[in-house]
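*Asks:* Dropping a structure here in structure tokens format, bear with me for questions.
The values are calculated or read from the model by the stated rules, or taken from the named source; none is laboratory data. For clarity, every value in this text was computed on a predicted model and none was experimentally measured. Neighbour counts are summed over all protein chains in view; Cβ atoms, including those assigned to glycine, are modelled from backbone coordinates with ideal geometry.
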Amino acid sequence: MAADRAKTTLIVSIPQDAAEGEQELLLPVYESGRVLTTLHLPVVVKDTVGIAASPYLSNKDGWQLAVTLTNQSERPISGQANAKAGVYCKAGAEEPVPFAELAPGESGTVLLPMAQVMWRNKAEVLVTVGLSDGYQKTENISLDLSVSVQDDDVPIVDGVASPGEWDDAPPINLKWSDQATKLSGWAGVEDLSAVTRFKWDENRLYMLSEVRDNTWDQRYVDDQIWNGDSVQFGLDMSRKDGKGSANYHEMGFALTDSGMSVWRWTAANGLATGRLDAAEAQAVRTADGITYELSIPWTELTADGKAPTVGSSLGFSMLVNDSDGSGRRGWMEFMSGIGSSKNTDLFGELVFICAEA
């Protein structure tokens with residue numbers, strides 16, 4: 001470089017397989033064949049293609065994997081994608097699925113088949129993307145398959161799961177022994193278990209819990225309903241910003257001697273704790289337990305009173321309390337962070353989807 005400070009522009013090619021993240025580029029400066037100095041230049045390496053995935057439910061084809069690909073390079077890309085392996089699910093097409101050319105900064109979505117063979121609403125898949133220039137990237141993606149299904153034909157909140165009313169809402173199951181917490185002598189699904197389903201529309205969140213319980217006992221009201229047979233659940237409203245948020249709701253409901261009681265112990269977004277009078281709730285005792293139905297307006301949940309968008313998620317955990325006559329003996333839980341401690345780090349996710357025809 002000349003002494004008059006003339007500028008020189010260098011174009012440096014980064015290998016496609018370079019590790020993503022902050023790196024240091026070492027650039028030696030030569031004069032007459034000898035190194036004068038070495039420049040240490042900080043650079044941020046972005047992979048050629050970004051991969052994200054979320055569950056997608058089709059009434060015709062069942063579970064699919066919606067893989068969103070983002071072109072993070074400065075040139076157009078095209079190629080194909082496949083989910084070659086799965087844990088707790090069967091994933092992958094016989095042939096890779098091609099995707100259309102993506103301009104720099106552009107994103108596109110590819111639907112890949114995923115059989116509904118799920119373990120506790122969790123799955124892991126290996127998604128492989130191959131570009132037309134030979135570059136290949138494989139990413140291990142964890143999925144939460146606890147979902148709330150958008151439906152304009154909303155359930156009637158009457159404590160009865162009428163035929164066809166909840167069929168398209170996948171179940172969240174409480175039936176495994178390691179979900180039984182402090183339930184000494186738990187005797188299996190007849191003792192205590194539950195199947196829960198969620199739906200939503202632009203106005204409300206809907207919840208069904210069908211509980212099997214061999215001994216009914218609920219003699220408490222309001223903030224004490226957790227001592228008897230009841231359901232509690234938490235929604236982390238800031239999960240998009242990461243785990244561990246203090247901006248969450250903890251709510252619960254029970255059938256008491258004076259009717260349904262819906263209570264909020266912890267409130268997010270500046271909303272009030274206490275009775276949730278805006279909620280609709282009904283329960284019907286059955287031969288082997290109880291069926292609850294609940295709906296809550298979004299004005300009692302979100303900061304702006306609006307419903308979530310399709311594909312978004314909230315932190316989620318729930319439990320079913322059990323009393324056999326002398327107060328709470330324990331509970332069955334899906335995820336954690338409510339019963340033994342208040343910790344949204346332990347929440348899973350509830351994904352808001354639209355089941356396509």
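*Asks:* Taking the condition of being of a type in the set (A, V, I, L, M, F, W, C), within 14 Å of residue 99 (Cα to Cα) and touching a Phe, Trp or Tyr at 6+ places or on another chain (Cβ under 7 Å), how many residues in segment 29-83 meet it?
*Replies:* 3
*Asks:* Which of the numbered conditions does residue 246 fail, given that it passes all the others? Conditions: (1) of a type in the set (A, V, I, L, M); (2) surrounded by fewer than 22 Cβ atoms within 10 Å (Cβ to Cβ); (3) modelled with pLDDT of 95 or more.
*Replies:* Every listed condition holds for residue 246 apart from (3).
*Asks:* Could I ask something else about it? Residues that are without any contact (Cβ under 8 Å) to a residue 40 or more places away in the chain, at least 1 per element: which strands (runs of 3 or more DSSP E) completely within segment 172-225 meet that?
*Replies:* By residue number, 192-200.
*Asks:* Working carefully through the options 313, 295, find the one that is in the same structural domain as residue 235 (by TED's automatic domain parsing), within 18 Å of residue 263 (Cα to Cα) and crowded, with 16+ Cβ neighbours inside 10 Å.
*Replies:* When all the criteria are applied, what remains is 295.
*Asks:* Please find, among 245, 230, 258, the residue that is within 22 Å of residue 208 (Cβ to Cβ) and either among the polar types (S, T, N, Q) or outside the structural domain of residue 334 (by TED's automatic domain parsing) (or both).
*Replies:* On inspection, the qualifying residue turns out to be 230.
*Asks:* Under the condition of being touching a Leu at 6+ places or on another chain (Cβ under 9 Å) and free of Cβ contacts under 8 Å to residues at least 40 places away in the same chain, which residue from segment 300-335 is nearest to residue 192 (Cα to Cα)?
*Replies:* Top of the filtered list is 335.
*Asks:* Also, quick follow-up: Within segment 105-116, take every residue that is out of contact with any Ser or Thr (no Cβ under 6 Å at 6 or more places or on another chain) and under 15 Å from residue 50 (Cα atoms) and give me the one that is surrounded by the fewest Cβ atoms within 10 Å (Cβ to Cβ).
*Replies:* Going through the qualifying residues, I end up with 105.
*Asks:* Residues that are modelled with pLDDT under 80 and under 29 Å from residue 172 (Cβ atoms): which strands (runs of 3 or more DSSP E) entirely in segment 61-119 hold 2 or more of them?
*Replies:* 62-71, 77-87, 107-115
*Asks:* Another question, then. Would you please name the residue that is nearest to the chain's Cα centre (by Cα), looking only at residues in segment 225-283 that are of a type in the set (A, V, I, L, M, F, W, C) and farther than 19 Å from residue 204 by Cβ?
*Replies:* 246
*Asks:* Take the residues of segment 24-60 that are outside any strand (DSSP E or B) and under 33 Å from the mean Cα position of the chain (by Cα): which is surrounded by the most Cβ atoms within 10 Å (Cβ to Cβ)?
*Replies:* Applying the filter and picking the extreme gives 48.
*Asks:* Output the number of the condition that residue 166 fails; it satisfies all remaining conditions of (1) part of a loop (DSSP other than H, G, I, E, B); (2) without any contact (Cβ under 8 Å) to a residue 24 or more places away in the chain; (3) in contact with a strand residue (DSSP E or B) (Cβ under 8 Å, 6 or more places away or on another chain).
*Replies:* Here residue 166 clears every test but (2).
*Asks:* Restricting to segment 266-286, count the residues that are of a type outside the set (S, T, N, Q), part of a loop (DSSP other than H, G, I, E, B) and within 21 Å of residue 247 (Cβ to Cβ).
*Replies:* 8
*Asks:* Oh, and also: Say whether the condition of being touching a strand residue (DSSP E or B) at 6+ places or on another chain (Cβ under 9 Å), surrounded by 10 or more Cβ atoms within 10 Å (Cβ to Cβ) and at pLDDT 80 or above is met by at least one residue in segment 11-23.
*Replies:* yes
Okay, residues lined up against (1) surrounded by fewer than 19 Cβ atoms within 10 Å (Cβ to Cβ); (2) in the same structural domain as residue 285 (by TED's automatic domain parsing):
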| residue | (1), (2) |
| --- | --- |
| 123 | no, no |
| 126 | yes, no |
| 158 | yes, yes |
| 164 | yes, yes |
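*Asks:* Given the criterion charged (D, E, K, R) and over 18 Å from residue 278 (Cα atoms), identify the matching residue among 222, 229.
*Replies:* Residue meeting the stated conditions: 229.
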